[in-house]
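To keep things clear, I will list the structure first and then write my remarks on it.
The values are calculated or read from the model by the stated rules, or taken from the named source; none is laboratory data. All of these numbers come straight from a predicted model, not from anything done at the bench. All Cβ positions, even for glycine, are placed from backbone atoms using ideal geometry, and neighbour counts span all protein chains on display. Note: accessible area is taken over every heavy atom of the protein model, side chains too, but ligands, DNA and RNA are not part of it. Shrake-Rupley method; radii C 1.70, N 1.55, O 1.52, S 1.80 Å.
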Amino acid sequence: MDFACSDLATECGIGEGEGVRVQRAEAGGCDITRVRIGSVEAAARFGKPQGKYVTVECGSICELDAQGAEHVRCALAVEVRELAQKMCGKRICPDFSLLVVGLGNADMTADALGPETVKRLCVTRHLRQKGEALFLTELCEIAAVTPGVTGQTGVDAAELVRALVQETGVDLVVAVDALCARSPARLASTVQISDTGIQPGAGVGNARRALTRESIGVPVMAMGIPTVIRGSTLVSDTLAQAGYAEIGREISVQAGGQEGLLVAPKEIDLIISKGGIFLAQTLEKAFRVEG
């Protein structure tokens, strides 16, 4: 099984063992898996940076009714809020400042989850700077940006985000991006957050400079929903299920391995639209000032 073709920690064969802690829970009708990779050896073994990964399996986001979606948002918002406070060592209060970065190509539907989330997000920094946000005092200071892709701007997202962080002095960056899954069942039905930052394009074999605490200067939380799967994975898995495992591996190599065809669900437009709204509303709930 080729674990390398997934952005999801739960699809990388990670289990409880030396250097790894796994905790499972249920909330809001979701299955929640929290994985902590605590050693360099474990990180190398699973091909994931050291840190915490939280996976929320909620079923198809597009098929959730209003009540179900609210339950999932509440469960996910709790995970986001707790992780953010631990990463920053600071409570979510009126002067907590956040920069949401919508990674991806807005002109390519399957890669537009980040830009769509930013478009749907309620930002407050400009209002607070002017003292005009009395009606928005329930939210902390939120700014957002869509840096585009290097092929459009000629500048890595990491460079743009670092400059914004230095100018605004935010406490936390949340980088939202579309992810690549290994199992079709994960598409548009799983949300992953982590405290490890993110490397744009890594899941589709086009890795750019990473957005991490070291490269940006503040903690970076990654957040995403799987929207694509490799065509080679689908073919090799189908052949393996039919008893042709060796042929499946050969075809996977012929299909291009890490740089092969990427497949998105036929309802990808709806997935990106609803996914962007869902993540934006989750972030607003997670970074709401209490009391």
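Is it true that residue 14 is open to solvent by less than 30 Å² (accessible area, probe 1.4 Å), modelled with pLDDT under 95 and not small (Gly, Ala, Ser)? In short, yes. Of all residues in the range 187-210, those that are open to solvent by 40 Å² or more (accessible area, probe 1.4 Å), within 25 Å of residue 151 (Cβ to Cβ) and at pLDDT 90 or above total 0. Only one of the numbered conditions (1) more than 26 Å from residue 262 (Cβ to Cβ); (2) in contact with a helix residue (DSSP H, G or I) (Cβ under 8 Å, 6 or more places away or on another chain); (3) open to solvent by 30 Å² or more (accessible area, probe 1.4 Å); (4) not in a strand (DSSP E or B) is violated by residue 7, and that is (1).
When residue 68 is tested against the conditions (1) open to solvent by less than 80 Å² (accessible area, probe 1.4 Å); (2) under 28 Å from residue 213 (Cα atoms), the lone failure is (2). The lone criterion from (1) open to solvent by less than 40 Å² (accessible area, probe 1.4 Å); (2) farther than 18 Å from residue 283 by Cα; (3) of a type in the set (Val, Ile, Thr) left unmet by residue 153 is number (1). Summed over the range 139-156, residues that are in a loop (DSSP other than H, G, I, E, B) and within 24 Å of residue 108 (Cα to Cα) total 7. Residues of the range 52-63 include none that is more than 18 Å from residue 187 (Cα to Cα), open to solvent by less than 30 Å² (accessible area, probe 1.4 Å) and at pLDDT 90 or above. For the range 29-37, the criterion of a residue being at positive phi and either free of Cβ contacts under 8 Å to residues at least 12 places away in the same chain or open to solvent by less than 40 Å² (accessible area, probe 1.4 Å) (or both) is satisfied by no position.
Would you check if residue 78 is aliphatic (A, V, I, L, M), touching a helix residue (DSSP H, G or I) at 6+ places or on another chain (Cβ under 9 Å), open to solvent by 40 Å² or more (accessible area, probe 1.4 Å) and not in a loop (DSSP other than H, G, I, E, B)? Yes, satisfied.
For residue 43, the test of being open to solvent by less than 40 Å² (accessible area, probe 1.4 Å), hydrophobic (A, V, I, L, M, F, W, C) and over 17 Å from residue 191 (Cβ atoms) is passed.
Conditions (1) surrounded by fewer than 24 Cβ atoms within 10 Å (Cβ to Cβ); (2) modelled with pLDDT under 95; (3) among the basic types (Lys, Arg); (4) touching a Ser or Thr at 6+ places or on another chain (Cβ under 9 Å), marked per residue:
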residue	(1), (2), (3), (4)
220	no, no, no, yes
232	no, yes, no, yes
242	yes, yes, no, no
250	yes, yes, no, yes
253	yes, yes, no, yes
261	yes, yes, no, yes
279	no, no, no, yes
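Checked against the criterion of being more than 24 Å from residue 140 (Cα to Cα), out of contact with any helix residue (DSSP H, G or I) (no Cβ under 9 Å at 6 or more places or on another chain) and surrounded by fewer than 19 Cβ atoms within 10 Å (Cβ to Cβ), the candidates 23, 85 yield just one match: 23. Taking the conditions (1) open to solvent by 40 Å² or more (accessible area, probe 1.4 Å); (2) modelled with pLDDT of 95 or more; (3) within 23 Å of residue 165 (Cβ to Cβ) in turn, residue 95 satisfies each one other than (2).
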